[in-house]
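First up is the structure itself, then whatever we jot down about it.
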Amino acid sequence: MTTTQNTTTARCLSCHRPLRSARSIANGRGPRCQAKVAAAANVVDLTDYKPAQADKARELIEQGAILPTRRPGIYLTVASDGTTTYLTHSAQCTCKAGRHQRRCYHTAAARILTAAAPARRAA
Ligand SMILES: [Zn+2]
Ligand SMILES: [Zn+2]
């Protein structure tokens with residue numbers, strides 16, 4: 001009998017620990033990180049964004065379309081076409097709007113994730 005099971009380990013988008021439960025894999029995050037992000041999404045002040053932008057920012061995170069990079073505070077955002085990517089910081093983004101000095105919802109998502117990120121000590 002041949003096993004064709006996919007051996008790729010799903011990892012948490014926040015802390016990169018392997019995910020075991022189906023629910024965590026669906027969320028893209030382990031329960032602790034998921035709770036942290038959800039809490040940050042409720043606490044972080046996004047009143048300087050339009051409500052629709054704040055909603056889109058939360059959606060972006062739920063879809064796992066904004067991923068941490070090696071640099072703290074810098075995220076890789078996957079555009080809705082699934083291939084284009086932007087580098088997003090809570091104050092800056094390389095998307096079209098961002099390049100035109102307009103505020104995009106990607107930066108709101110980065111703000112939430114930065115607030116939820118595990119505290120790092122400066123090396
Ligand atoms: Zn995690
Ligand atoms: Zn953007």
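The values are calculated or read from the model by the stated rules, or taken from the named source; none is laboratory data. All values derive from a computational prediction rather than experimental measurement. Here the Cβ positions follow ideal geometry from the backbone for every residue, glycine too, while neighbour counts run over all protein chains shown. Side chains are part of the model used for accessible areas, which takes the heavy atoms of the whole protein and leaves out ligands, DNA and RNA. Shrake-Rupley method; radii C 1.70, N 1.55, O 1.52, S 1.80 Å.
Would you mind stating whether residue 52 is over 12 Å from the mean Cα position of the chain (by Cα), modelled with pLDDT of 95 or more and more than 14 Å from residue 111 (Cβ to Cβ)? Considered against the rule, which asks whether it is over 12 Å from the mean Cα position of the chain (by Cα), modelled with pLDDT of 95 or more and more than 14 Å from residue 111 (Cβ to Cβ), residue 52 comes out as yes.
Can you tell me which residue within the stretch 51-78, out of those that are over 21 Å from residue 36 (Cα atoms) and of a type outside the set (Gly, Ala, Ser), is farthest from ligand 2 (Cβ to nearest atom)? Step by step, filter the stretch 51-78, then rank; the result is 51. When the stretch 23-46 is filtered for residues that are open to solvent by 80 Å² or more (accessible area, probe 1.4 Å), assigned to a helix (DSSP H, G or I) and not hydrophobic (A, V, I, L, M, F, W, C), the ones remaining, listed by number, are 23, 31, 32, 36, 42.
In the stretch 95-114, the qualifying residues are those that are more than 9 Å from ligand 2 (Cβ to nearest atom) and more than 15 Å from residue 39 (Cα to Cα), and the one that is modelled with the lowest pLDDT is 101. Residue 19 passes every criterion in (1) within 16 Å of ligand 1 (Cβ to nearest atom); (2) closer than 13 Å to residue 115 by Cα; (3) hydrophobic (A, V, I, L, M, F, W, C); (4) open to solvent by less than 30 Å² (accessible area, probe 1.4 Å) apart from (2). Evaluation of residue 117 against the conditions (1) under 18 Å from residue 14 (Cβ atoms); (2) loosely packed, with under 12 Cβ neighbours inside 10 Å; (3) at pLDDT below 90 shows that the sole unmet condition is (2). Condition (residue is under 23 Å from residue 15 (Cα atoms) and part of a strand (DSSP E or B)) applied to the stretch 47-67: is it met by at least one residue? Within the stretch 47-67 (the criterion being under 23 Å from residue 15 (Cα atoms) and part of a strand (DSSP E or B)), the answer is yes, since at least one residue qualifies.
Taking the stretch 68-77 as the range and being touching a residue at least 12 places away in the same chain (Cβ under 8 Å) and not in a strand (DSSP E or B) as the test, the residues that pass are 69, 72, 73, 74.
The condition of being within 16 Å of ligand 2 (Cβ to nearest atom), without any contact (Cβ under 8 Å) to a residue 60 or more places away in the chain and either hydrophobic (A, V, I, L, M, F, W, C) or over 17 Å from residue 114 (Cβ atoms) (or both) holds for only one of 48, 81, that being 81.
Tally time: how many residues in the stretch 78-122 are assigned to a helix (DSSP H, G or I), touching a helix residue (DSSP H, G or I) at 6+ places or on another chain (Cβ under 9 Å) and away from ligand 1 (no atom under 16 Å from the Cβ)? Can you show your working first?
Keep residues of the stretch 78-122 that are assigned to a helix (DSSP H, G or I), which gives 96-99, 105-116.
Of the ones still in play, those that are also touching a helix residue (DSSP H, G or I) at 6+ places or on another chain (Cβ under 9 Å) are 97-98, 105-116.
Right, trim to away from ligand 1 (no atom under 16 Å from the Cβ) and you get 97-98, 105-111.
Of the residues in the stretch 78-122, 9 are assigned to a helix (DSSP H, G or I), touching a helix residue (DSSP H, G or I) at 6+ places or on another chain (Cβ under 9 Å) and away from ligand 1 (no atom under 16 Å from the Cβ).
With respect to residue 111, determine if the residue is closer than 21 Å to residue 45 by Cα and of a type in the set (D, E, K, R). Give the steps one after another, and end with the answer.
On the way: closer than 21 Å to residue 45 by Cα: yes; of a type in the set (D, E, K, R): yes.
Taking the combined requirement at face value, the residue satisfies it.
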